[in-house]
1. Evaluate segment 178-191: report whether one residue or more is under 30 Å from E24 (Cα atoms) and at pLDDT 80 or above.
2. Regarding D151, is this residue charged (D, E, K, R), assigned to a loop (DSSP other than H, G, I, E, B) and modelled with pLDDT under 90?
3. Six or more apart or on different chains, Cβ atoms under 9 Å: show the pairs whose first residue is in segment 213-229 and touching a residue at least 60 places away in the same chain (Cβ under 8 Å) and whose second is hydroxyl-bearing (S, T, Y) and open to solvent by 50 Å² or more (accessible area, probe 1.4 Å).
4. Considering only residues that are of a type in the set (G, A, S) and either open to solvent by 30 Å² or more (accessible area, probe 1.4 Å) or more than 25 Å from the chain's Cα centre (by Cα) (or both), which ones fall in segment 66-79?
5. Please go through segment 244-270 and give me each residue that is touching a Pro at 6+ places or on another chain (Cβ under 6 Å) and at pLDDT 90 or above, ordered by number.
Amino acid sequence: MRANTVVVGAGGETGSYAMSWAGEHAAATGADLVLCYACSADWPLTSGDNLARLLELYDPTVGRAVAGLRTRLGGHRVSVRLAPGRPADLILATARTADLVTVGPPRPGSAGRRETAHRVAANATVPVVVVRHDGTTGPGPFAGHVVIGVDGSGASRVALECGFQEAALHHRPVAAVHVTTARREDYWFDDTVLSAQFTAEPAGLDLLAAETEPWHYRHPDVPVKRAVFAGRPAEGLLRAAAGSALLCVGDRGRSWPVRTLLGSVSDRAVDSADAPVAVVRKA
């Protein structure tokens, strides 16, 4: 994902995950980082050049992370924004002039963190990456890949664009995954070595070929696997994304309260994926 400015949710116990991912992304793309930290109303200072030093006093873990990012990327590329109020409100307001947002994951049993991750993912007008862990990947069918959910919709096409860009930037392979209840077994096809994990070409492969072709043409150096997984969309994508470098899912733009009531594939991914999740909004 090409980005000139990345907004980062820096607070909370898992804000370090978002800062770490954003730092790697900024190092690869040259983007600037804006670190958002929601503070209490009685903080003595919320603007000025010494915000990083103030953070070191009030939240040493975040302060050290900010100092590390400035050392790595250059102080002029890392700014800090503090404001009283809810973290989601600060992040969404700052993201209006940004290209990408990264936040930590929801925490089970913590309503505030759940609200932050889900509200930002549901309401931001730019891609949002929810980072669940420290960047290590475990075993999985597409470990180290960029996994993209594909269903032929406009939402999945913006996810394809985002996923191929990310794979090209970081020299990773892509796994384009279509999930269907018409299958009982998972299978995939590797375009690079022309190997298949099935005995007869199943339905769904034509859809994946048509949807991935334009992006593979634009990024010919990105290896591509096309996969059809069995089951419901959320469960199939979570299974495919285990151990992956990134899961990209399209979002149809329902507001956060409606999505909370109805549920969505992107919400399930934000809650449970064993990988960073990029939620990409269809314009």
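1. Within segment 178-191 (the criterion being under 30 Å from E24 (Cα atoms) and at pLDDT 80 or above), the answer is yes, since at least one residue qualifies.
2. Numbers: charged (D, E, K, R): yes; assigned to a loop (DSSP other than H, G, I, E, B): yes; modelled with pLDDT under 90: no.
Considered against the rule, which asks whether it is charged (D, E, K, R), assigned to a loop (DSSP other than H, G, I, E, B) and modelled with pLDDT under 90, D151 comes out as no.
3. Short answer, once both residue conditions are applied: K225/T192.
4. Let us first name the residues in segment 66-79 that are of a type in the set (G, A, S), namely 67-68, 74-75, 79.
A67, G68, G75, S79, listed by residue number.
5. Step one: filter segment 244-270 for residues touching a Pro at 6+ places or on another chain (Cβ under 6 Å), giving 246, 265.
Scanning segment 244-270 gives a single hit, L246.
The values are calculated or read from the model by the stated rules, or taken from the named source; none is laboratory data. All figures in this text were calculated on a predicted structure; none of them were measured in a lab. Glycine gets a Cβ as well: all are built from the backbone with ideal geometry, and neighbour counts include every protein chain shown. Accessible surface areas use protein heavy atoms only, side chains included; no ligands, DNA or RNA. Shrake-Rupley method; radii C 1.70, N 1.55, O 1.52, S 1.80 Å.
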